[in-house]
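The values are calculated or read from the model by the stated rules, or taken from the named source; none is laboratory data. Remember, it's a predicted structure, so these values are computed and weren't measured experimentally. Don't worry about glycine lacking a Cβ; one is built from the backbone with ideal geometry, like all the others, and counts go over all protein chains shown. What goes into the accessible areas is simple: the full protein's heavy atoms, side chains included, and nothing from ligands, DNA or RNA. Shrake-Rupley method; radii C 1.70, N 1.55, O 1.52, S 1.80 Å.
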Amino acid sequence: MAPVISSLNPNHGSAAGGTAVTVNGSGFTGVTTVKFGTVPVASFTLVSDSQITTTAPAGTGSVAVTATSPLGTSNGVTYTYSAGPVITGLNPASGPTSGGNTVTITGTSFTGTTSVHFGTASAPFTVISDTQITATAPPGTSSVPITVTTSTGTSNSVTYTYVNVATPVITSLNPASGPTSGGNTVTITGTSFTGTTSVHFGTASAPFTVISDTQITATAPPGTSSVPITVTTSTGTSNSVTYTYVNVATPVITSLNPASGPTSGGNTVTITGTGLSGATSVFFGSHAATITANSATQITVTAPAGAAQSVNVTVTTGAGTSNPLPYFYVAAPAITGLIPAMGPSGGGNTVTITGTGLALTSAVHFGSTLATAITVNSDSQITVTAPPGTGTVLVTATTPGGTSTVGLGNAYYLYVAPPVIDSLSPAQGSESGGDDVLIRGSNLTYTDAVFFGTAPASFAAVSDTMVVATSPAGAVGPVTVTVHSPGGTSNGATFQYQP
């Protein structure tokens, strides 16, 4: 069937083109052309059967995006070209006269921005999306207009105000203690942190990042006992708040959740244990994971990629490296066959699925519909109860290794509508059998049996609306003729046996 587009991300961009667009939908395998209105894109990438990435060509107004494959052309989904950039807001709308703070500019049509100005001063900037830019404010005084320029023109201006900034003030630390070896992250909360030039733990300088005017993250240097933390900007040095160095026990990990995942990595793993504060690294075998959250009893990480095998997970803090726990990398499953490969539209029949990597299957989908009664027979075979459906759908299996994709073999399942008999011609015949009977109706293509009463008859399916059967011998009188297919058993039609 023809491809179907469900959404575009983003669904708008610069009239000059160049916006990266993700096309979401289904049936994209085999797509040969993607058009924005009547204009074909220069190139596109088929990410999967449900996703294409491309770059919008130049255009104006609203156009329909379509995808064409040998099976036909998709529906159109609207993409809107913007005439030029528009600024709708600033955050913050003011900052220190020394500059150096980050200003988030929101609006529309920012893709392809070539410059950002604070008054007449050019500012370093990063385009986050078509609706957001972050810029580093240059030094300045009083109020100035901020503008954004792209190839389509220069935006409206929004006022930004330079102000004299007070001396920094620290109000709290989190955590307020850490290992004597240092290396842990400390969040410093307070005011007037914009333009910070140094952070000190006692007399030791610490690496730091200014998150906002009210928050700094610093990496604690090694130390002992209690020391004052201070923050220095061009306006002076803050008050001091006490940070305490403590002897920390070697970390111990007790569980991983989940304890397995895909070879591609990227999944979130929660590590539970003790002495986990200030973790400096987490390794899956020889590969470092990305730490996303850390407390004394729990760490969450993004698993790195790895080969299909078991590896040891360890946590390292300033106090040492933990015990190892096993984590299993699981290869993505593959489906190579379905028995049967077709069934009734009402579902409910048992389908045997063959393939590889199926032992840990947690879900099976027929198209987008979840199958039930999953039974794992082996790593190469599972059985499920097919859900209701229509047409031809892709069957997928999901395990900790991911979801199966189209590969070698057959992973497509055909839903067959129940056969229907409209008429028999002739509707009577000899009791000795041997009469050719033309059965007319619908949904007859996949006929696999014809019965005269309970007696099977030889037959040939001529088309979806016609089957020719040879009547078996039968007793004088009426019998009910039925047709059976993977879609079920038809209604009955009367055939009269005559002497």
Yes or no: the stretch 477-491 includes at least one residue that is within 22 Å of Pro340 (Cβ to Cβ) and loosely packed, with under 14 Cβ neighbours inside 10 Å. no
Of Val248, Val231, the only residue that is part of a strand (DSSP E or B), of a type in the set (A, V, I, L, M) and buried (at least 16 other Cβ atoms within 10 Å of the Cβ) is Val231
Out of the stretch 308-323, which residues are under 30 Å from Leu358 (Cβ atoms) and in a strand (DSSP E or B)? Ser310, Val311, Asn312, Val313
Residues being crowded, with 17+ Cβ neighbours inside 10 Å and more than 38 Å from the chain's Cα centre (by Cα): count how many of those fall in the stretch 161-176. 4
For the stretch 195-223, name all the residues that are part of a loop (DSSP other than H, G, I, E, B), open to solvent by 40 Å² or more (accessible area, probe 1.4 Å) and hydroxyl-bearing (Ser, Thr, Tyr). Thr197, Thr203, Thr214
For residues in the stretch 136-153 being open to solvent by less than 20 Å² (accessible area, probe 1.4 Å) and part of a strand (DSSP E or B), which is farthest from Gly17 (Cα to Cα)? Ile146
Thr317: modelled with pLDDT under 95 and either open to solvent by less than 30 Å² (accessible area, probe 1.4 Å) or closer than 27 Å to Ser26 by Cα (or both), yes or no? yes
Going through the stretch 76-121 in order, the residues found to be over 25 Å from Ser142 (Cβ atoms) and of a type outside the set (Ser, Thr, Tyr) are Gly76, Val77, Ala83, Gly84, Phe110, Gly112
Of the criteria (1) under 24 Å from Thr114 (Cβ atoms); (2) open to solvent by 40 Å² or more (accessible area, probe 1.4 Å), which one Phe44 fails: (1)
Determine if the stretch 320-338 includes at least one residue that is open to solvent by 60 Å² or more (accessible area, probe 1.4 Å) and either touching a helix residue (DSSP H, G or I) at 6+ places or on another chain (Cβ under 6 Å) or farther than 24 Å from Thr290 by Cβ (or both). yes
Right, Tyr446: more than 30 Å from Pro258 (Cβ to Cβ) and open to solvent by 30 Å² or more (accessible area, probe 1.4 Å) or not? yes
Could you please let me know if Thr270 is farther than 25 Å from Ser322 by Cα and either buried (at least 18 other Cβ atoms within 10 Å of the Cβ) or modelled with pLDDT of 95 or more (or both)? no
If we scan the stretch 282-290, do we find a residue that is of a type in the set (Phe, Trp, Tyr), at pLDDT 95 or above and either under 28 Å from the mean Cα position of the chain (by Cα) or under 30 Å from Gly407 (Cβ atoms) (or both)? yes
The lone exception for Gly18 - which of (1) open to solvent by 40 Å² or more (accessible area, probe 1.4 Å); (2) touching a residue at least 12 places away in the same chain (Cβ under 8 Å); (3) in a strand (DSSP E or B) it fails: (3)
Checked Thr383, Thr398 against criteria (assigned to a strand (DSSP E or B), modelled with pLDDT of 95 or more, of a type in the set (S, T, N, Q) and surrounded by fewer than 21 Cβ atoms within 10 Å (Cβ to Cβ)); the one match is Thr383
Among (1) closer than 18 Å to Asn410 by Cβ; (2) surrounded by 15 or more Cβ atoms within 10 Å (Cβ to Cβ), where does Thr352 come up short? (2)
Filter the stretch 109-121 for residues that are under 38 Å from the mean Cα position of the chain (by Cα) and of a type in the set (Gly, Ala, Ser); which is most open to solvent (accessible area, probe 1.4 Å)? Gly112
The stretch 346-380, residues that are part of a strand (DSSP E or B), of a type in the set (Gly, Ala, Ser) and in contact (Cβ under 8 Å) with a residue 24 or more places away in the chain: Gly355, Ala363
If we keep just the residues of the stretch 403-429 that are touching a Gly at 6+ places or on another chain (Cβ under 9 Å), part of a strand (DSSP E or B) and among the small types (Gly, Ala, Ser), which is farthest from Gly474 (Cα to Cα)? Ser423
The residue from Asn247, Asn239 that alone is over 30 Å from Gln309 (Cβ atoms), at pLDDT 90 or above and not hydrophobic (A, V, I, L, M, F, W, C) is Asn239
